[in-house]
1. Can you pull a Stokes-Einstein diffusion coefficient for region 609-674 at 20 °C (1.002 mPa s), Rh from Kirkwood over Cα pairs, as a whole number of µm²/s?
2. Order these peptides, 467-476, 65-74, 760-769, by their mean beta-carbon neighbour count within 10 angstrom, highest first.
3. Report the Cα centroid-to-centroid distance between region 251-274 and region 679-706 in angstrom, as an integer.
4. Just to verify a number: FRET efficiency for residue 237 and residue 495, C-beta to C-beta distance, R0 = 56 Å, to 0.05?
5. Where does region 630-711 land on the Kirkwood hydrodynamic radius, alpha-carbon pairs, in angstrom?
6. Arrange the peptides 298-310, 514-526, 237-249, 448-460 so that the one whose residues have, on average, the most other Cβ atoms within 10 Å appears first.
7. Under the 0.36 nm per residue contour assumption, what length would be gained going from the current alpha-carbon distance of residue 52 and residue 636 to full extension?
8. Which stretch or stretches of region 262-295 have amide N atoms under 11 Å from the point lying 7 Å from residue 366's Cα along the Cα→Cβ direction?
């Protein structure tokens, strides 16, 4: 571990500062632990060791938490599929009440995870690999004790001797899960978002160590320090004054938004981190730096880190101590990372040319992606059940079981009442004054309310134009619809000889309402408000976390597959009980036939014959304060027919900006330079001849996948193309992107519709269905795949 951290930070070959005073005197490029120092190079390992050293000098002890589980199984409620409502189904709904009540109290169940066994000790990192839908997210949620979305979680699981009930209570902040999707307040700036995350988990003075600021380790100094550290290691310092944004509000880039999500989690000071595909949207360099930072933090702070990554580079994989490979809810490998590839080689699987370790391990679980060693065609396990059985019978599988049993036995010794009291006492020392010892929150209620009010004010100020518009609109709303008698006080309340009418007199004469009635009505309004507030708070205590629930794929009624119809009608059944012991393994001929079918569909893509070129392209925008900023600076290039051009650069470098400019999709700013198609100026049909798959997957949730593709084809393909030819082309696109299984599924929303991966395929499919004749622009097309 020491050698690894030295290699990552190169701290052994560079002089380091040893005190706060020295940190302010470093030379250019010298490693420093002071995040406010712009001269030196910030060294995360040096910073963490300095913080722990100062904490030790105060006599404070640190906590650590390992995780071990044996025969961990997860059962979900429902079939995972549903049928959409139609007019006829709504009319028939009252007649199905008995069946609905029966299914409500006895819903179908399905096994999501099957007997997981393993351990992750403090200071270890576990890499979770598997195809989308294999169970990676369910595994992370079950370890995070997010149980709301599951019917039952069985097996033994221990968090440093504690059960999941302790994690759901006082120790909730020690286990932190970050979902795949980014959820932020779009009008907050990056700095405001990070400061709020740091402030809500800031410990009390005795446990607080701050660098810079007033030098008194105040709460404000701590928040500023955490913001600077996270902004430095994640490359966010230049975006502090930029709003986070979303699909509708322009803000930071998608990769930078993902880094903000990561920073929020790191600010929590958790002991167990669970990252669900957190490298999505990050460039390879940033993803590597992120995992390196996790490696250092895990080693120095003895944290426990579990992360699922869909596209992990070779250098990323090598930073993990252990790897688990999940195949349809079964563990097919759980052990040292360096032994994973040789294990599957011995089974008879070989990697493709230039294939990374992570891609090879995931391809083993892909029927169409795996490559079998010659002579092993009849000997390799092909299904999830067969692979899980071979793993449990292997020597590495028995070693994993032995290691897990030994660690569980060690944790049993920490499960004594005294040991648990000592651990909770250390956790309680972080609480602010007047916070209950068993509270899961670090801050007191007044502190929480103050932070929440401050954040709400910042959200409103960030969207102040909308707030001002609403304020004025409310003054004049429906004024024209008010009867003329109520617009002016013609006689009520008027007095002879006066040119004005007293408002109190008008109200008293018209409505019989006097100031003496105000205290009574104020009490009624206050009681009304308090009652609803109590009801709302009470209901929120029993509200289930929507992020913990499993997703449901909704199919259009009348066109759903037979298996879906059967699953939606099942009640109280195990949907896997009637299935064969394992799905039929596809033969080599069937696999080749499917690959040929996909390749044949790809040949129907229209060929381009023109060369697109751009020369000295510039793009200037006006930023806050009236300053003009150049985002593209004399960029030149060209694309020939039949070629694939990759735009590469770190997050925020301008890849999406360049794509928008090349596709002629900018609405603000000044664009300069020359754009030509085969040496001619851009034709008026340029946008119609190109397709543009955005980074964000924006679709109409009320349509099915096939309907969305048909709509794109009918609307955007030339009018002279026969309709049947357009429909046939849509089917070819569905085959090429392997969307047959969910072609009749409703797009819906994430959680009640298509998954993230399916949405990305649809985004690409919509542009392909338009049959662009010149170019296809793709912005982060592999994110989530």
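All of the numbers you see were taken from the coordinates with simple rules; none came from a lab. Everything numeric in this text was worked out from a predicted model, so none of it was measured. Cβ placement follows ideal geometry from the backbone for every residue including glycine, while neighbour counts extend to all protein chains displayed.
1. Working: Rh = 13.0 Å.
This corresponds to a translational diffusion coefficient of 165 µm²/s.
2. On the way: 467-476: 9.4, 65-74: 21.1, 760-769: 22.7.
Result, highest mean Cβ count within 10 Å first: 760-769, 65-74, 467-476.
3. Going from one Cα centre to the other spans 31 Å.
4. Values: r = 67 Å, r/R0 = 1.20.
Efficiency, rounded to the nearest 0.05: 0.25.
5. Values: mean 1/r = 0.0647 Å⁻¹.
This gives a value of 15.5 Å.
6. Values: 298-310: 22.1, 514-526: 9.5, 237-249: 15.8, 448-460: 13.5.
The packing order, highest mean first, is 298-310, 237-249, 448-460, 514-526.
7. Values: separation 584, 0.36 × 584 = 210.24 nm, distance 5.05 nm.
205.2 nm is the gain from fully extending residue 52 to residue 636.
8. The answer is none, because no backbone nitrogen lies closer than 11 Å to the label point.
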